[in-house]
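Take a look at the structure set out below.
What follows is calculated from the coordinates using simple rules that are stated; it is not laboratory data. No experiment lies behind these values; they were computed from the predicted model shown. Ideal geometry is used to build each Cβ from the backbone, glycine not excepted, and the neighbour counts take in all protein chains shown.
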Amino acid sequence: MKIFSVTMLLGCCAMTMTAQETYRIPVSEVHEQMQTGQFEPTWQSLEQHQTPEWFRDAKFGIWAHWGAQCVEGSGDWMARGLYLEGGDQYKYHREHYGHPSEFGYKDVLPLFKAERWNPDSLVARYKRCGAQYFFVLGNHHDNYDLWDSKYQPWNSKNIGPKRDILDEWAKAAKKQGLPLGISFHADHAWTWFEPSRRYDLEGDKAGVWYDGNLTKADGKGKWWEGLDPQMLYQQQHPMSQGSWDNRRVHSQWDWSHGACPPSQEFVTNFYDRTLDAINRYQPDLIYFDVTVLPFYPLSDCGLKIAAHLYNKNPRGVVFGKILNEDQKKALTWDVERGAPNQMIEQPWQTCNCIGDWHYNTRTYRRGYRTATNIVKQLVDIVSKNGNLLLNIPLRGDGTYDEKAAAFLDELEPWMTQNGESIFGTRPWVKFGEGPVAEKDIKISDQGFNEGQYNGMDYRDIRFNQTRKYLYVTAMGWPEDGKLLIKSLAKKGPHFKKSISSVYLLGYGKLKARQTAAGLEVQLPKPCNKIAPVLRINK
């Protein structure tokens, strides 16, 4: 048995532990017991699980990354940003709601009403746009549970909408026949909310503590009387090293570089809440916005949650970020806002958004990403054995705005016309050709390289296939209609059959000519606004 010191544990995220490892903060199963079965909470055992074929067939999911942080409309991480003196979110919050010593994030929660939210209508719309699975937010780093949580009184049934958000989403997904995914992010509230314990350094409120230090006793006579703010903020612990450095939280995301280690009580509470949601709403997919798994490598919490889902649901999928090659055998790799520029052997997923993760009025004014941009990303990802999970931002009232509506209106016809080239396909012998395909594009940490894919045009071509067909998608329509597919050259190494005709989805059969330079196709006038898809008999 190996026993690691604190320093070693905090710094070993890149390694894979063996079944004999001792974790510094073992999770307690006093309240919620891990489902037993084929899988044990070890990497060796979890490697036996294979990403299911239904997920590989699905290719495209839509995410409602929606909760109380959408109320102010100031964008992602606003529950932290309102405590960062001088920042845009701090300024907006103070101007419209009050100083964070008097009106903190806990006071935003009752303003989350979801008064126009119609989950049935939203999920039906997403399915018409091609979604094959549907994801919802269970909790974010704000530590607010969006269901009738047994272990977190700061939840949507008690405060705000007074509704079990997860229950209603789950029923809507089931009605549409879509697999349900739930994302859990609250494990980082421990360090993420540390700014709530600060005070202004300048101005008329200099030296006045924010509300992150409040306790249950301070609530007498307040709207939150009987509730303990520390169950929300989780700040009765030493600050992490360099906590007043607003960027330091990023380098401490893997619980190294001076992050204050979480308590067993906090770790177990996250475990209990996650199992509670899994057992109630029966998701097929769960997502963690963490390095590898929650609290890894300090705790076995994440491994136990993964084993619980796999044992409970053989078709289940668990996502993790920044995985090594062995960990990718046990979990499904997630890349945030980006993609590798190569074909990946194991199935994987990109998570992305047309704007901010949480609703942002400034992003709305600038405009969202276009359907053309997202379709190109989807096609590129699918060619590399991946899926795309796309967030459509919702306002605090539970509706999307007219620009998001326009995006969906543009996406739907392309997906309806060309969906057969996406769903149920597998990679070909190569993922693509063209200027972007040939670029050396690196991934930074968990992703964030999407900008390097923005320049794709008709010269960039992507491939995927079924048993019967090869699909060829050009990332745009050439002005003269002339398309050359170099990888399908006559007597080339990849496609042995001679090609005299191709089928353009949404149009019909076209003549084609194979030369030593490639397959030459003369396209008609565009039959969609985004990208042509050719179907070739194998």
Quiz item: Stretch Gln264-Glu102 to full length: gain in nm at 0.36 nm per residue minus the Cα-Cα span?
Solution: 55.2 nm
Quiz prompt | Members of Lys321/Lys442; Lys59/Lys113; Lys482/Lys529; Lys106/Lys157; Lys106/Lys216; Lys59/Lys304 lying beyond 23 Å, as alpha-carbon distances in this model show | solution = Lys59/Lys113; Lys59/Lys304
Practice problem: Would you work out the relative contact order for the stretch 320-423, in percent, from Cα pairs under 8 angstrom that are 6 or more residues apart? | Solution: 25 percent
Practice problem: Within 10 Å, count the other beta carbons around each residue, average over each peptide in 30-43, 373-386, and list them highest first. | Solution: 373-386, 30-43
Exercise. Enumerate the calculated ³J(HN,Hα) couplings along the stretch 102-117 in order (Karplus 6.51 cos²θ - 1.76 cosθ + 1.60, θ = phi - 60°), each rounded to whole Hz, writing x wherever the residue is Gly or Pro.
Key: 10, 9, x, 5, 4, 7, 6, 4, x, 7, 7, 9, 6, 5, 10, 6
Self-check item: In Hz, Karplus ³J(HN,Hα) per residue of the stretch 466-472 (6.51, -1.76, 1.60; θ = phi - 60°; x = Gly, Pro)
Solution: 10, 5, 9, 10, 9, 9, 10
Exercise. Under 1.5 on a/c is rounded, so check that first for the stretch 410-498, then, if it is not, pick prolate when a/b is larger than b/c and oblate when it is not; a ≥ b ≥ c are the square roots of the alpha carbon gyration tensor eigenvalues.
Key: rounded
Self-check item: Cα gyration tensor shape for the stretch 255-299, rounded if a/c is under 1.5, else prolate or oblate
Solution: oblate
Self-check item: Candidate aspartates and glutamates for bridging to Lys220, where Cα separation is under 18 Å - those fewer than 8 sequence places away on the same chain excluded
Solution: Glu102, Asp107, Asp211, Asp228
Self-check item: Order of Asp460, Asp187 under a 10 Å beta carbon neighbour criterion, fewest first
Solution: Asp460, Asp187
Quiz prompt | Cα-projected label distance for Arg247 with Asp120, points at 7 Å along beta-carbon direction, nm | solution = 5.0 nm
Self-check item: Extended-chain gain in nm, criterion 0.36 nm per residue less alpha-carbon gap, Tyr503 and Met343
Solution: 55.0 nm
Self-check item: Entries in Lys150/Lys175; Lys312/Lys468; Lys497/Lys525; Lys376/Lys496 that, when Cα-Cα distance is taken, lie over 31 Å
Solution: Lys312/Lys468
Quiz item: Among 61-70, 407-416, how do they line up from the highest to the lowest mean number of other beta-carbon atoms within 10 Å?
Solution: 61-70, 407-416
Practice problem: Give the cross-link partners of Lys91 among the lysines, using a straight C-alpha distance below 16 Å as the criterion and excluding same-chain residues fewer than 8 apart. | Solution: Lys205
Quiz prompt | Residues of type aspartates and glutamates that Lys491 reaches as a straight line, Cα spacing below 15 Å, ignoring anything fewer than 8 places off in the same chain | solution = Glu520
Self-check item: Most to least packed among 475-482, 260-267, 113-120, 215-222 [average Cβ atoms within 10 Å]
Solution: 260-267, 113-120, 475-482, 215-222
Quiz item: What order do you get for Trp244, Trp255 when you list them from fewest to most C-beta neighbours inside 10 Å?
Solution: Trp244, Trp255
Practice problem: With the convex hull built on the Cα atoms of the chain, state its orientation-averaged projected area in nm². | Solution: 25.6 nm²
Quiz prompt | Gained length - Gln48 relative to Gln282, 0.36 nm times residue gap less alpha-carbon distance | solution = 82.1 nm
Practice problem: For a footprinting-style exposure proxy, rank Leu303, Leu137 by other Cβ within 10 Å, fewest first. | Solution: Leu137, Leu303
Exercise. Rounded to whole Hz and in sequence order, give me ³J(HN,Hα) for the stretch 71-78 from the Karplus expression 6.51 cos²θ - 1.76 cosθ + 1.60, θ = phi - 60°, writing x for Gly and Pro.
Key: 4, 6, x, 9, x, 5, 6, 5
